[in-house]
Every structure is written in structure tokens, then in C-alpha cells.
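A short worksheet on the structure shown next.
The values are calculated or read from the model by the stated rules, or taken from the named source; none is laboratory data. Since we're looking at a predicted model, the values are computed, not measured. FYI the Cβ positions are ideal-geometry reconstructions off the backbone, even for glycines, and counts take in every protein chain you see.
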Amino acid sequence: MSNSEASNQHPNLILTSQSVSEIKSHLGNIPVFDETLAVVKEEVDLAIEEGIDVPIPKDMAGGYTHTQHKANYSNMQRAGVLFQLLGDEKYAIYVRDMLLEYAEMYPTLGRHPQERSYSRGKFFWQCLNDSNWLVYTSQAYDCIYDWLPVEQTDYLNKTLFRPYADFLSIETPKFFNRVHNHSTWGNVAVGMIGLVMDDEELLERALYGLKEDNIDPTEMDNDGGIIKDKDGRAGFLANLDSPFSPDGFYTEGPYYQRYAMYPFMIFAEALENKKPELKIFEYKDGVLLKAVDALLNLTDADGEFFPLNDGQKGMSYYTASLVSAVDIAYYYGGEKPELLSVAKSQNKVQLDASGLAVAIGLKEGKEEPFVKKSMELTDGTKGDEGAVGILRHNKEEEGITLVMKYTGQGLSHGHYDKLSFSLYENGEEVLQDYGLSRFVNVEQKNGGGYLKENKTFAKHTIAHNTVIQNETSHFDYDFVTGSKNHSERYVFDVSNPDVQIMGAKEHNAYPGTSFHRTMVVVNDTTFAKPFIIDVFRVDSDKANQYDLPYYYFGQIVSTSFKTPAPKSLMPLGAKNGYQHLWKESESKANADQIQFTWRNNYVFYSITSATQTDDDVVLARIGANDPEFNLRRDPVLILRKEATQSTVFASIIEPHGIYDVVSETAENAYSNFQSIKVLSNDDRYTALELKMVSGGTKLLILSNANAKREAKHTLKVGDDNYEWTGAYYLK
């Protein structure tokens, strides 16, 4: 049989005749694959018993019709796999009968009756979900294609699949011809069904986007619009080129990278099987394989993704899309043994050649630990639009993780939070990023879609741990302005595991104002745990009000400042997210430092900050102007400097003790630090003194203008001269 004849035999996308034969030869002897197959069989058998239900589309996300159509495409895809691997025709019959019902209904449908989306679908309220349907259903169709009579495949191609592909692309270009995770799904949907039908025109459309003469000008609007990459391209390859940095970071953030990885990887697998000449896994220096590694590293100790930009907390690499991504990356990326340890924790595999390889690797005990290390992941197509920095310190089963965001805007899912950060201990959030404001697939909450508070609070700068000027969000909350700018990487040095440092600058968040934040994780053997030094420099051409929030969890234990309660709660401000914060207390620092200690999950934490006596300290809580209770009621400490031109926020963030509820004893409940003091600050250097309760002191000097490792520096602080090489001095 010739190669061309073999490539026209079905299945030939995710499963192939060769991989089916190999899988069958191993069945019963590959535990994790056999267990996954058994679970899938049980669930699909139950769906078949319940019968086929293809309702007329009506509901938003989370509603009955939405949920049913979602279950249908999942069940069809899995039934197709079961037909190939088990040979039982009942699975092929199930897929065929459901497809025939969809083919009968499709010509009767206009766009979905719910009018909220910029790109209303057919079976779902938005084309994104229709694309989900087609990506999964294409795989099912491929599995039964050669089993069906030719007259039925012709009917399905002409009545359902080709019109559906045209609808998602030519008829909805503002959805299809973009650089966005939505469009990636659309590109892959059209490409996958094109591969099944051997339709080269659809494949070209999927890979390279629509030609201009295929775009109806009336479909081009400003609500979602035609947003191509910087070279004027669209399609799958543009979505692979533009949002990914050379390090594999996806500019929309890990939550949406997780969502997009399934279409990216499943289409790549299909292309590798049917169009190997494209060498898709080598594209852009193997960026897809790098992306899986980057995404796994963008998780806490529990495998949950950092909620950068729009991100729902709790989403982790245990999701089905990452099971597929890990398996495919293992199979096509050189079978790296550390990926097996992730797959082992997932405890399921994709039912194809990649899942088989993983199952065999696990059976043979080839896995090695996936060790998450400190790293910097650049942003931007060329890696020159800022980055995300991750500092980790792990000791036995315990660890501290500090995440700092100094990226580009992140497309439409980006937040206005330049130089923000979040802190984790043992997988638990200590100082948090709020994430998105949405109850995904909960119909009662805006049909499962984004809540208005996502735009009125969650995206605003005050919702993040970074500086806000004059109660106005970065870039004045303007998407076009924000998209033109990114923060600048300044230093990232983890060569010394006991002093890890990262820093970045932001010159465009406010006209006439520049920010420079440096964060250091210090492991000092005299302390039980590492501590963090946070230095946020502000340089402006005029006096402003500056707020620096720290969003913590738990209960306040003690404060060095007064906490007067107001007679009545009032919002902290009128707009830019401030309207959603209740002001619970406000007082003057009345000292050259403040200390704030709280307890969460029986662990004690303290923030010690340098202040001026007339600085304000605000305690606030999310929830004002929120009559539908869409926002969490999380607390925040805000350090405020008024009528100030240039300044430094300098703080020590310290985990330092534990409370035993059984013995009712508190161990190390007090901070180890007495104060932090800014000794000097200018464009070249910032010098800080950290004074400990024990009587000892530490001196930290930061080079603000030259962070090169080989750079030599000299600075006089008080009566002493200090010389060092590199970005910092700490003793």
C-alpha cells in the first residue's frame, strides 16, 4: 500500500490504523491505559443506554441544551475511539445516529437565540463552543468514516460538516480571523474536519486564515473585530507564532493557555499523522513542546495554575486538556521521563498512541520527578515584551513560591496590573491575585459568562498587589494603550539559591511616572523559613497619591498602627475598582515603619514596611456596590502615600510560625524583624537596612541602573564604603 493510500484510510487523525493495531496488542497489560479505557467504556455505555438527545439550541452556558450538546460531542468522540479499539459496532451506530440527527437539524437553524456573544453560534451561544463541538466530533467522524456507506459520508459532508466549517470561518470572520484562543479553536475545528474530508481548501483556511475576498465587510466590527497578528496574518500558524513567546509562555496567561493547549496539541498530532511534511512539532523551534513545559511550571505545589490575567482559581494540570497535552508532548517530544511523573499523578491517559507510550513508560517505571525550578518565562512573539518571573525555594516537603508579572497586556483577557505579584506557601495562597470574576458554567450567574464585576473590579489595578496612582488604573484602563506597551525585564538571577532576585521596570502605566520593582527571596539559616524583600520605587514628574495593596487571607493577629472602626462602612472610592472596596479602617502610620501580622491556615505571616509618619494605612474588604454578591469578600492591607512625587515602598514579607489547635499553642508567632529603613535612594542605587528583633542587621543595596553580573559598584552608606559586583549587595 502506498503512503497516499494509507493516509486516506480512516482513522488517520488522532488514531491511525497502525496505532489501533498496536494498542490492541497491548490491551490488558498496560494498567493506566486499561483503567482509562474501562472508565470511558462505562460512561459511554451509560450514555448509549440513556438514548440520543439532540435538543433545539436555547440556553446559555450551564443551561440544559448547552450542557447536552457538550455531552454529545464528548460522548461521540469517546464512542468513536471505543469502536476502533474494541470493535463493537454499537459505538459506531451511536455516533452515526447522532450525526444524522445533527445533520437533519443543522439546516433549520439560524444563529443561536441568545444574543450576548459577538459571534453567536449554531448549537451554542457562541462560536467558540461550536468549534469545541466540531473539534471533538471530527475525531468521532474519522473513527467511523470507512465504516459508513459512501452515500452517508457524502450526505454528512454536504449537509452538516462543510456548511458548518464555512459558518465558523467565512460567515463569522470576526471570530475566525483573529489571534486569540477563541480563534485557535475555530481554526482547528475547520482544519480537523478538513483533514477528515480530505478538503485541502479547508485545511489551507485553517492554517493561514481567510483570504480577504472571503471576508464579508459587514461582519467586520469593533466588538471582537478582525485582530490579526503584527504581520497581518491569521489562522492556526499565526496563532502559534504570535501569542507564544520563544519560551512557550502564552500571552493570555496560563488559564487560557491551558484551554488552548488542547486544540493546539490535538491538531498538531493530527497534522503529524496526516501531514508529516509540515513538521509541526518543530515549528518555531518546537514552541508547542516548550509550551507544555512552561504551562506545567506555571503551577503551584498542588498543580494549580497561577491566576494571571483572567484565570479561575483551582484549575490545574489534572484537567483533561493537560492530560492530552502531557501525553502528546511525551510521545512527540523525546519521551522525557519527568513528564511521566505528571502523567502518573493525573492517573489517566489519552486513548491513542501517545497515551499508549505513556502507559508503557509508567509500567516500566521510567518516570522521574518533575521538579519546578525558579525560572523566567518571556512574553511576546520574540520574547521581548516583558516576562513572568517565578522564584521558588523548596526544602523537603515545604516550599515558597513568588510569582511576579511584568508582561505585555495579554490580549482581551489581560489585566491592568504591571509589576504585580502573588505569593504561595506549600500550594496555599499567601498574598493573592484575585483572578477573574466569573462563575464558569453556572447558569444562575450571568449564564456562566463573565460578570460585569470582571470589568469593574477584577481587571482594575486596585485588585492586584501593585502600585496605583491617583486611584486610576494603569493605562487609564484603556485596552489600545495597554496593548501597545509592556514592562521591561531588568534582573533575574537565581544563581545563588539563598538569595534569588527578580526585578522589572514600567515606564508607561502613567504619563510622567516610572516604576521599578525588585523582589528578593532570602533563605537565612537563622530563620525557619525564607523571607521576601519587596522594593517598589516610584519616580514621577509631579506629586501624586500612591496606593500599594497586599491582598491577604485569614485573620489579623496584631498591628503596630491603630485600627479605628468607622461609624458606617463606605466605599474606598468612586471608580476604577475602588467602588468595590469597603473601607474598614484608616489611620496614620505615625512611625517610620509599620508591622502587620495575620494568621491563615494556622500559619503566621507578617509584613514590615518602611513608612513616613503621615503615610496612611487602610484596611479594606472587597464587596461594596455588589448587590448580587458576585465578588469574594477578601481583605486587603493598603499602604498609601499622599502628595508625594517620588518614593520607595520597602517591605519585608515573612512567614514565621504556626498555631497548633489541639495543644492550643502558638510557636514563633512574632515577626523576626523589628524594622526596615530606606537609607538612600536615587536613580543609581537604593540602600535598605533590615533590623532584626535579635539585634542583628542586614544591609541590602540594589543597583537601579546596571544589573549586569560583571558590573562593579561602589557606594558610601553612612560612614562606610561598600564595593560589590552584580545587581545587589546583601550582608
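The helices (runs of 4 or more DSSP H) found entirely in the range 1-102 that carry 2 or more residues being modelled with pLDDT under 95 and more than 30 Å from R438 (Cα to Cα) are 3-7.
State which residue is surrounded by the most Cβ atoms within 10 Å (Cβ to Cβ) when the search covers only the range 363-385 and only residues that are charged (D, E, K, R) and free of Cβ contacts under 8 Å to residues at least 12 places away in the same chain. Let's see the steps before the verdict.
Start the filter on the range 363-385 by keeping residues that are charged (D, E, K, R), which leaves 363-364, 366-368, 372-373, 376, 379, 382, 384-385.
With free of Cβ contacts under 8 Å to residues at least 12 places away in the same chain added as a condition, the list becomes 364, 384.
Values: E364: 9, D384: 15.
Only one residue tops the list, namely D384.
Tell me yes or no: at least one residue of the range 491-512 is assigned to a loop (DSSP other than H, G, I, E, B), in contact with a strand residue (DSSP E or B) (Cβ under 8 Å, 6 or more places away or on another chain) and buried (at least 16 other Cβ atoms within 10 Å of the Cβ). Yes, the range 491-512 contains a residue that is assigned to a loop (DSSP other than H, G, I, E, B), in contact with a strand residue (DSSP E or B) (Cβ under 8 Å, 6 or more places away or on another chain) and buried (at least 16 other Cβ atoms within 10 Å of the Cβ). Within the range 446-473, being under 16 Å from F649 (Cβ atoms) and not in a loop (DSSP other than H, G, I, E, B) holds for T461, I462, I468, Q469. Is it fair to say K459 is surrounded by fewer than 24 Cβ atoms within 10 Å (Cβ to Cβ) and either of a type in the set (F, W, Y) or at pLDDT 95 or above (or both)? Spelling it out, it is not the case that K459 is surrounded by fewer than 24 Cβ atoms within 10 Å (Cβ to Cβ) and either of a type in the set (F, W, Y) or at pLDDT 95 or above (or both).
For the range 327-335, state whether one or more residues are within 21 Å of K41 (Cα to Cα), under 18 Å from the mean Cα position of the chain (by Cα) and part of a helix (DSSP H, G or I). The answer is no; no qualifying residue exists. Criterion applied to K562, K542 was being surrounded by fewer than 16 Cβ atoms within 10 Å (Cβ to Cβ), more than 24 Å from N625 (Cα to Cα) and in contact with a Ser or Thr (Cβ under 6 Å, 6 or more places away or on another chain), and the one residue passing it is K562. Screening R111 with (1) under 20 Å from R162 (Cα atoms); (2) touching a residue at least 24 places away in the same chain (Cβ under 8 Å); (3) among the basic types (K, R) gives one miss only, at (2).
For the range 515-526, the tally of residues that are surrounded by 17 or more Cβ atoms within 10 Å (Cβ to Cβ) and farther than 11 Å from L419 by Cβ stands at 3. Restricting attention to the range 659-670, does a residue exist that is within 26 Å of A543 (Cα to Cα), out of contact with any Leu (no Cβ under 7 Å at 6 or more places or on another chain) and modelled with pLDDT of 95 or more? Within the range 659-670, none of the residues are within 26 Å of A543 (Cα to Cα), out of contact with any Leu (no Cβ under 7 Å at 6 or more places or on another chain) and modelled with pLDDT of 95 or more. Put simply, of I653, I701, I676, I658 the only residue that is part of a strand (DSSP E or B), without any contact (Cβ under 8 Å) to a residue 60 or more places away in the chain and crowded, with 20+ Cβ neighbours inside 10 Å is I701.
Evaluation of L308 against the conditions (1) out of contact with any Ser or Thr (no Cβ under 9 Å at 6 or more places or on another chain); (2) assigned to a loop (DSSP other than H, G, I, E, B) shows that the sole unmet condition is (1).
Every listed requirement among (1) part of a loop (DSSP other than H, G, I, E, B); (2) touching a strand residue (DSSP E or B) at 6+ places or on another chain (Cβ under 9 Å) is met by S558 save one, (1). For the range 410-431, the condition of being without any contact (Cβ under 8 Å) to a residue 60 or more places away in the chain and buried (at least 21 other Cβ atoms within 10 Å of the Cβ) holds for at least one residue.
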